[in-house]
Every structure is written in structure tokens, then in C-alpha cells.
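Have a look at the structure below before the remarks.
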Amino acid sequence: MTNMAKEYIAKTRKSKALHKRAKKVLPAGVSYAIRFFEPYPFYTVKARGSRLYDVDGNVYVDYWLGHTALILGHSPPEIVRVVREQLEKGTHYGTSHELEIQLAEQVAKMVSSAEMTRFTNSGTEANMYATRLARAFTGRNRIAKFEGGWHGGYDALHIGVKPPFNILESAGLTDGTVQDTILLPFNDLEGVVRKLTGEHVASVVIEPVLGAGGGVPVERQFLKGLREYCTAKDILLIFDEVITGFRLAPGGAQQYYNVTPDVTVLGKVLGGGFPVGAFCASKEIMSRVDHIVHKRPKYSFHGGTFAANPITMAAGLATLKLLEIGTLITRLNEMGESVREQLRATFIENQCDVQVTGEGSLFNLHFTKQPVRNARDAWAADRGRLIDYGLNLIANGVFILPGHNAALCARHSKVDIEKLISATRDYARTMPDR
Ligand SMILES: Cc1ncc(COP(=O)(O)O)c(C=O)c1O
């Protein structure tokens, strides 16, 4: 066991006991595999602004931010206020209400491809319905996604997330559910064309910045070329903006890169801290979800008990209104640029081979000499080192979920950033075999 793991264990006795208890009732003691890290995760009791507080009294500057969802930080007062008001009016209606219209109008105002929207409870669900819609609209079965792309646990998109890409990501996926999904190379237009020649695919789904695939941004020329190719072949281009939506720009990656998809999938920031997802497109495409216009077999189903939950709608609307003018996002993007530069400089000063990826207010690290242009490059880096770095940060009061993307929020201060950089410097100085 490393000294840092010993230090972590010494500081997290109550978390250790909670994890032991959790393992009896929750597989691996967690509710999502990625939330587990060795030796065990800490247990949060409170979160405010940029900070997480654990059950042992430790405080962490949080760069994980609820899977990057919390662009305003934890429990921002403006959101807490509208949620409190909504709580008094009802937690869940199961009927139509004005807030769902207001949020869909707000999304349409901000996101250029989003003339019409349907809300879901997660990004996974939204990707599932977007895929179904693309199939319904084009009349084609096959779909394509990129190596390293993560779109949630929906069967047809749950392949090719981490190498080796030819092994199924989960047991229980049948041949039938994955045989129509084609895997494409990221940032490689020639490779995409090669893979898609002779195929008739309904959609190509892309994360404009690979999230789980290593925080790798799309190259502008590649994205432009992909748009042109999809248009020429009548393929629906889907942007999975679950991470980039309302983060890279008020209008998401499509505004940031100036490339408009046919369908947009949203989540995370859209919910203002509450569970959410959404898929959006033009009226023409979304009309397939309209059961009044289209009957079976042309109609593409979407629905759900908690779809457009009023608490989520209220929190999401208040969040988007704060992001709409763009000043906050611009500030966070500048901060992101500076954090990436400072991290690079810190590792260079200490002769460590590290690639810092990310875009806007997102950042990620890879312990490798080689440039990182896709998920293959990201996964070829020293992952053990990355996880070791993450645990070191945690033991020093800085939380990046080991091995995952990090993000900035409105509540990160200069002191918070300095804490990240100084903990990184300490790590780089003592990094063995660099
Ligand atoms: C790009 C992307 N798409 C889809 C999803 C799935 O969203 P959810 O976890 O809300 O189901 C995620 C989640 O991390 C994501 O990052």
C-alpha cells in the first residue's frame, strides 16, 4: 500500500466503516461503478459551493461536480430558492404544466438545433430515444458511434467505450442489440468514410469533447467534415451534449464549434442539479414523437413517469437563465485555459511526461509522452499513475474522481485553483520514475 493510501485511510475511518456496511446491500458498495475508487470512496454528508464535506470531517475542493453537472457549484442560492418555492407547489405532477414549456422555450432560444424538445430523466434515456427517433425518421436500422464515446448504458450504444473495443462493455448485451452499431475512429474523417462506405446508417452520434474517453476535444476540421458527410448521405448527425451542453457555450458545443447537428442530446447542466436528460431537433424530425401526427408504425415513442418533473424544470430554467448571457461561461472557459496551462507547466517543471486535455471548463490528464487525439491514445497512457495522482489529490483535500474528467464551476475561487496546482506540484515533485 502506498503512503498516500495509508494517509487516506487514516483520514477516512468512518467512510471505511460505511463502505463495509454498503457492500452488504449495494454491489461494490456503490450505486455506480465509476464512483468506486481504491481503497474505498469517502462518504459525503454535505456539499456547498465548490466544497464537498465527508463523514469524517474532511473538506474537498470538488472538481468532479456531480459528474460535471454542477456548473453553478453545489446548492447555489438562486437555485435553492426556486426549488424551495416549487417544493411548496408540488414535487411531481404527472400532468402537463407551464414550466416544461418554459424550459423547452429556453432550450430553443439557446441551442440552435433545438426547435423542439422532449425531457427525460437521464442522458442514457435521452440517447436511447434519440437513437430510436433517428431510426424512425430515416427508416434505417444501423447506427454509428465513436470509439471511446460514452452515451450511457443503453444497449445499442454500450459498445466501444474502452479498449479493447471489440469486447462487449457489459454482460447481458445480446448480439441483436449491438449488431447494428458501427464503431468509428475519432478525429479521423478518412477512417469514418471507410467504415461507413456501403452502409446505410440512420445516425452518427458524437460527443464533441470525449468525456469518459479522456476529455479529448474534437478537431474543428474533422467535425466540419463529418457534418458535410452526414448531410451528403442523409444521415442524422447527433451531438451528445450531455457534458458540453450549456458548458462550452450558452448554445453548447454546436455554438462553440459552429457546426449544427440534426439532433442534440442534453443532460447534466440542464437539470440545475436534479436528474435530467433531453433530446431535441427540428420540428420536422421531432414530429415523429408526436402521436397525434404520426400513428404506428411511423410514431416514435417517448415518455416516462418523471419526465419533465417540475422540480427539475424549475431548477433547470433558473440555471439556463443565469448561463444565457454567456459571461459566466466565458469566465469559466478562460479559467479552464489557465488551469490546463498551469497543470502543463507544473509537470514540465518537474520533467514529468503528461498530456493535459480538455476544452472550455473541462480538463483531464494523461501520463504519457504521446499526444492524445482519441480514446485509444488516452487509454494507452499510464492509468495506474492517473489513479495514484487522483488519490494523492484526495488525500490533500482536492477531489477529482480518480481517472475521470474534471470541471470548473462558478464557485471555484483563486484559492481553490491554487490548491489544485500546489497539490499537483507536490505530486509531480515526488513522482517516482519520471
Ligand atoms: C456524454 C454523455 N452522454 C450520456 C451520458 C449518460 O448520462 P446519464 O448518466 O445521465 O444517464 C453521460 C454521463 O456521464 C455522458 O457523459
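Bear in mind that the values in this text are calculations on the coordinates, not laboratory data. Since this is a predicted model, take the numbers as computed values, not measurements. No Cβ is skipped: glycine too gets one built from the backbone with ideal geometry, and neighbour counts run over all protein chains shown.
Side notes on the structure shown:
- In the stretch 184-237, of all residues being away from the ligand (no atom under 16 Å from the Cβ), small (G, A, S) and touching a residue at least 12 places away in the same chain (Cβ under 8 Å), the one that is nearest to T260 (Cα to Cα) corresponds to G225.
- The stretch 81-112, residues that are within 22 Å of Y299 (Cβ to Cβ) and either within 16 Å of the ligand (Cβ to nearest atom) or part of a loop (DSSP other than H, G, I, E, B) (or both): G94, T95, S96
- Any hit, the stretch 294-302, residues being away from the ligand (no atom under 16 Å from the Cβ), over 20 Å from V111 (Cα atoms) and surrounded by 17 or more Cβ atoms within 10 Å (Cβ to Cβ): yes
- Residues (surrounded by 20 or more Cβ atoms within 10 Å (Cβ to Cβ), away from the ligand (no atom under 16 Å from the Cβ) and basic (K, R)) located in the stretch 125-177: R135
- Residues (at positive phi and not in a helix (DSSP H, G or I)) located in the stretch 268-280: G272, G273
- Residue within the stretch 113-122 that is part of a helix (DSSP H, G or I) and touching a helix residue (DSSP H, G or I) at 6+ places or on another chain (Cβ under 8 Å) present: no
- Test for V265: is it in a strand (DSSP E or B), within 12 Å of the ligand (Cβ to nearest atom) and out of contact with any Ser or Thr (no Cβ under 8 Å at 6 or more places or on another chain): yes
- For the stretch 339-353, a tally of residues being under 24 Å from I243 (Cβ atoms) and without any contact (Cβ under 8 Å) to a residue 40 or more places away in the chain returns 3.
- Among the residues of the stretch 4-37, the ones that are exposed (fewer than 15 other Cβ atoms within 10 Å of the Cβ) and under 23 Å from the mean Cα position of the chain (by Cα) come to 6 in all.
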